[in-house]
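Novice: Pasting a structure below so you can have a look.
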Amino acid sequence: LTFTTSSLEALYDGTPLTKHDCYMTKGRLKDGHTLQIEYKGSQTDVGESDNVVEVRILDQLGADVTSDYNITYDFGTLKVNPRVITITSSDAEKVYDGKPLRDNTYTLTSEHKGLVTGHTANVVISGEITNAGAVTNTVKSVKVYDDAGKDVTGNYQIMTREGILQVDPIPVMITSASALKVYDGEPLSAETYQLSDMLLDGHQEFVKITGSLTEVGETLNTIEFVQITDKWGND
């Protein structure tokens, strides 16, 4: 006798996948004999396994006569496919203030209606930037747990999209002073200047002005060099 079971494929939903179909595809029972079929095939997590059954044959008196038959099996397959989810970290932007820019928020999207009911995602986002510039808002890790606290991450296909953290520089205008005098044969210079905005607390500017004029006429009061440092002397 040959017994064949069906195959079935489904999306992971946290519950056992079973298919209780079994057919005798070769041979026949003796008159008066009956079948007892025990379905053992089951697949809960992502992966596949045989749709196993165990057959017993009973005679008219209920005695087990399975050993009187040469039984073979042709098992189908139970296959569970992963749920696909996408974790997208947020974008964030600010003007430089000397403090780190972080944004740990994210969105979870899915073509399969999100997580299984009762499941939760633990997402760690590690993006950070302090100085002017831009970096990716890195998704460091993603774990998924069921309602009993069991790690079921392996049942999800996790995609990530990373946002951008951007710190914009503070706009500051430095204006060198103007100066005027009657010609006296000595160079005319003016090393003073004005800032359009206050710097952050603890920050200090260093400005080098090199404008100079001796003969009659006029020239720009050149600002050759500007550096701003924090309270520790860092540029």
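The values are calculated or read from the model by the stated rules, or taken from the named source; none is laboratory data. Keep in mind that this is a model prediction, so the values were computed, not measured. Note: ideal-geometry Cβ built from the backbone for every residue, glycine included; neighbour counts use all protein chains shown. Just so you know, the surface numbers come from the protein's heavy atoms only, side chains and all, with ligands and any DNA or RNA stripped out. Shrake-Rupley method; radii C 1.70, N 1.55, O 1.52, S 1.80 Å.
Novice: Using amide H atoms built 1.01 Å from N in the peptide plane, name the residues 5+ places from Val53, or on other chains, whose amide H lies under 5 Å from its own.
Specialist: Answer set, sorted by chain and number: Lys40.
Novice: Loop-only GluC sites (Glu not before Pro) in the range 102-178, please: DSSP not H, G, I, E or B, and at most 11 other Cβ atoms within 10 Å.
Specialist: On the way: sites: Glu111, Glu128, Glu162; in loops: Glu111, Glu128, Glu162.
In loop regions of the range 102-178 (DSSP not H, G, I, E or B), the sparsely surrounded GluC sites (Glu not before Pro) are Glu111.
Novice: Pick out which of Val144, Val167, Val182 has the largest mean-square fluctuation in a Gaussian network model of the chain, springs linking Cα atoms closer than 10 Å.
Specialist: Val182
Novice: Here's something else I'd like to know. Which residues does a label at Glu205 reach in the range 148-186, if reach means a backbone N under 12 Å from a point 7 Å past the Cα toward the Cβ?
Specialist: Once the point is set 7 Å along Cα→Cβ of Glu205, 171-177 turn out to lie under 12 Å by backbone N, inside the range 148-186.
Novice: Right, another one. Check Ile125: other-chain or 5+ apart residues with amide H under 5 Å from its amide H, H built from backbone geometry?
Specialist: For Ile125, whose amide H was placed from the backbone, the distant partners under 5 Å are Lys140.
Novice: I would also like to ask the following. Work out Dmax and Rg for the range 1-133 from the C-alpha atoms and quote the Rg first, both in angstrom.
Specialist: Spelled out, the Cα radius of gyration and Dmax of the range 1-133 are 27.1, 90 Å.
Novice: Calculated FRET efficiency, Thr117 and Met24, Cβ-Cβ r, R0 30 Å, to nearest 0.05? Don't skip to the end; give the middle numbers.
Specialist: Values: r = 39 Å, r/R0 = 1.30.
It comes to 0.15.
Novice: Specify the inter-centroid distance of the range 1-50 and the range 115-156, based on alpha-carbon positions, in whole Å.
Specialist: Cα centroid to Cα centroid, the span is 38 Å.
Novice: Quick check for you: which residues of the range 56-92 have the amide N under 12 Å from the point 7 Å beyond the Cα of Ile164 toward its beta carbon?
Specialist: Flagged as within label range: 91-92.
Novice: Taking only protein heavy atoms into account and a 1.4 Å probe, give the accessible area per residue of the chain in Å². Could the numbers behind the result be given before it?
Specialist: Values: 15030 Å² over 235 residues.
Per-residue value: 64 Å².
Novice: Let me ask something else. Could you list which residues have their amide H under 5 Å from that of Asn137, counting only those 5 or more apart in sequence or on another chain, with H placed in the peptide plane?
Specialist: Amide H neighbours of Asn137, under 5 Å, 5+ apart: Gly163, Ile164, Leu165.
Novice: Something else: Can you count the Lys pairs in the chain with C-alpha separation below 22 Å, eight or more apart or on different chains?
Specialist: 14
Novice: Tell me, what ³J(HN,Hα) does each residue in the range 217-223 have, in order and in whole Hz, if you take phi through Karplus 6.51 cos²θ - 1.76 cosθ + 1.60 with θ = phi - 60° and put x for Gly and Pro?
Specialist: Couplings: x, 8, 8, 6, 8, 5, 9 Hz.
Novice: Residue by residue through the range 48-61, which ³J(HN,Hα) values in whole Hz follow from phi under the Karplus form 6.51 cos²θ - 1.76 cosθ + 1.60 (θ = phi - 60°), with glycine and proline marked x?
Specialist: Couplings: 8, 7, 6, 7, 7, 10, 10, 9, 10, 10, 10, 8, 4, 9 Hz.
Novice: Please turn the phi angles of the range 203-210 into ³J(HN,Hα) values with the Karplus equation 6.51 cos²θ - 1.76 cosθ + 1.60 (θ = phi - 60°), one per residue in order, whole Hz, x for glycine and proline.
Specialist: Going residue by residue, I get 8, 9, 9, 10, 10, 10, 10, 10 Hz, with x marking Gly and Pro.
Novice: Write out the chymotrypsin sites (Phe, Trp or Tyr not before Pro) in the range 159-212 meeting two conditions: DSSP loop, and at most 15 other Cβ atoms within 10 Å of their Cβ.
Specialist: Tyr183
Novice: Only bridges with both residues in the chain count here: give the DSSP antiparallel percent, nearest 5. Provide the component values of the computation, followed by the final result.
Specialist: Values: 44 of 61 bridges.
Antiparallel bridges make up about 70 percent of those DSSP assigns within the chain.
Novice: I'd like the FRET efficiency for Leu213 and Ala132, computed as 1/(1 + (r/R0)^6) with the beta carbon distance as r and R0 of 41 Å, rounded to 0.05. Walk me through the intermediate numbers first.
Specialist: Working: r = 35 Å, r/R0 = 0.86.
Once rounded, the FRET efficiency stands at 0.70.
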